Amino acid sequence: MNTPVRNPVRRLWAALRALLVLTLICGVLYPLAVTGAAQALMPGRANGSEVTDEGRAVGSSLIGQRYDLPGGAPDLKWFQPRPSEGLGTNSRNTRYALLVSGASNLSGDNAELIQRVTAAKAAVVRDNSVPGHPVDPARVPADAVTSSGSGLDPDISPEYAQLQVRRVAARNHLDAGRVARLVERHTDGRLLGFIGEPRVNVLELNIALRQLVTGTN
């Protein structure tokens with residue numbers, strides 16, 4: 001039968017040794033092993049799925065970003081992402097403009113949500129209609145007027161990307177056919193052929209658009 005340790009100093013030394021050993025294993029060796037394995041097997045994902053342009057990181061392929069003018073209005077020479085209304089508000093730290101991810105949790109018949117969708121649809125029709133090619137409101141896809149559950153969706157549907165082609169081409173003085181083919185080249189299909197929906201990463205598409213405009217691609 002084991003005799004319990006009665007000496008407080010011995011108990012303290014045993015606890016300290018356990019702390020040191022667990023700190024070494026859990027706080028040093030395990031993080032180093034996981035970090036090393038991640039860098040060796042999937043360095044891109046381990047580093048945040050960074051997207052680079054001209055040798056510098058310009059964002060992540062997993063996080064959407066807006067393309068706005070200094071006053072906050074959409075910069076219509078770029079492809080636009082999904083709306084980001086309905087994000088959680090920063091009520092605790094008002095000193096900084098923090099990005100808070102979240103959904104609005106408004107029901108489908110909520111008057112505020114209906115107003116948002118109606119206004120967003122009108123803006124999509126107005127902004128993307130060019131002379132001789134008005135946008136049919138019936139052709140506006142759902143992702144053009146609704147935010148994702150996180151508000152940070154980096155992708156849009158091919159339908160929404162194609163709807164923006166004529167406006168982007170006109171604003172950048174490009175042939176609409178070339179811009180449409182650019183969208184096609186940056187359209188990803190369903191995972192394994194059947195999981196999810198086809199999608200277009202807006203950041204990567206806009207990088208390719210900039211290269212097309214400047215003639216660097």
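The values are calculated or read from the model by the stated rules, or taken from the named source; none is laboratory data. Note that this is a predicted model, so its numbers are computed, not measured. Neighbour counts are summed over all protein chains in view; Cβ atoms, including those assigned to glycine, are modelled from backbone coordinates with ideal geometry.
Quick one: count up the residues across region 164-194 that are surrounded by fewer than 11 Cβ atoms within 10 Å (Cβ to Cβ) and under 19 Å from the mean Cα position of the chain (by Cα).
1
Are any residues in region 158-217 assigned to a loop (DSSP other than H, G, I, E, B), among the charged types (D, E, K, R) and touching a Lys or Arg at 6+ places or on another chain (Cβ under 7 Å), and if so, which ones? Write out each step before concluding.
Going through region 158-217, the residues assigned to a loop (DSSP other than H, G, I, E, B) turn out to be 164, 172-175, 186, 189-190, 192-194, 196-198, 215-217.
Narrowing further to those that are among the charged types (D, E, K, R): 175, 190, 197.
If the condition is that a residue be assigned to a loop (DSSP other than H, G, I, E, B), among the charged types (D, E, K, R) and touching a Lys or Arg at 6+ places or on another chain (Cβ under 7 Å), then 197 is the only one that fits.
Pairs, please: C-beta under 9 Å, at least 6 apart or cross-chain, first residue in contact (Cβ under 8 Å) with a residue 60 or more places away in the chain and under 25 Å from residue 46 (Cβ atoms) and in region 12-35, second assigned to a helix (DSSP H, G or I) and not charged (D, E, K, R)?
none
Specify which of the listed residues (166, 171) is in contact (Cβ under 8 Å) with a residue 12 or more places away in the chain, within 20 Å of residue 128 (Cβ to Cβ), in contact with a Leu (Cβ under 6 Å, 6 or more places away or on another chain) and in the same structural domain as residue 128 (by TED's automatic domain parsing).
After applying the criteria, what remains is 171.
Name the pairs: first residue in region 183-206 and outside the structural domain of residue 62 (by TED's automatic domain parsing), second residue surrounded by 14 or more Cβ atoms within 10 Å (Cβ to Cβ) and of a type outside the set (A, V, I, L, M, F, W, C), Cβ to Cβ under 8 Å, at least 6 apart or on different chains?
Listed pairs, sorted by first residue: none to list.
Taking into account only those residues within region 84-97 that are modelled with pLDDT under 50 and closer than 17 Å to residue 153 by Cα, which is surrounded by the most Cβ atoms within 10 Å (Cβ to Cβ)?
86
Residues in region 137-151: is at least one without any contact (Cβ under 8 Å) to a residue 40 or more places away in the chain, of a type in the set (A, V, I, L, M) and more than 16 Å from residue 79 (Cβ to Cβ)? Walk me through how you get there before you give the answer.
So the first thing to find is which residues in region 137-151 are without any contact (Cβ under 8 Å) to a residue 40 or more places away in the chain, and the list is 137-142.
Going one step further and asking which of them are of a type in the set (A, V, I, L, M), we end up with 138, 140, 142.
Still in the running and more than 16 Å from residue 79 (Cβ to Cβ): 138, 142.
The answer is yes; a qualifying residue exists.
Quick one: which residue in 68, 53 is within 30 Å of residue 209 (Cβ to Cβ), surrounded by 14 or more Cβ atoms within 10 Å (Cβ to Cβ), of a type outside the set (Val, Ile, Thr) and at pLDDT 85 or above?
Result of the check over 68, 53: 53.
State all residues of region 98-120 that are crowded, with 16+ Cβ neighbours inside 10 Å and not small (Gly, Ala, Ser); if no residue qualifies, say none.
Here is the first cut: in region 98-120, the residues crowded, with 16+ Cβ neighbours inside 10 Å are 104, 113, 116-117, 120.
Scanning region 98-120 gives 113, 116, 117.
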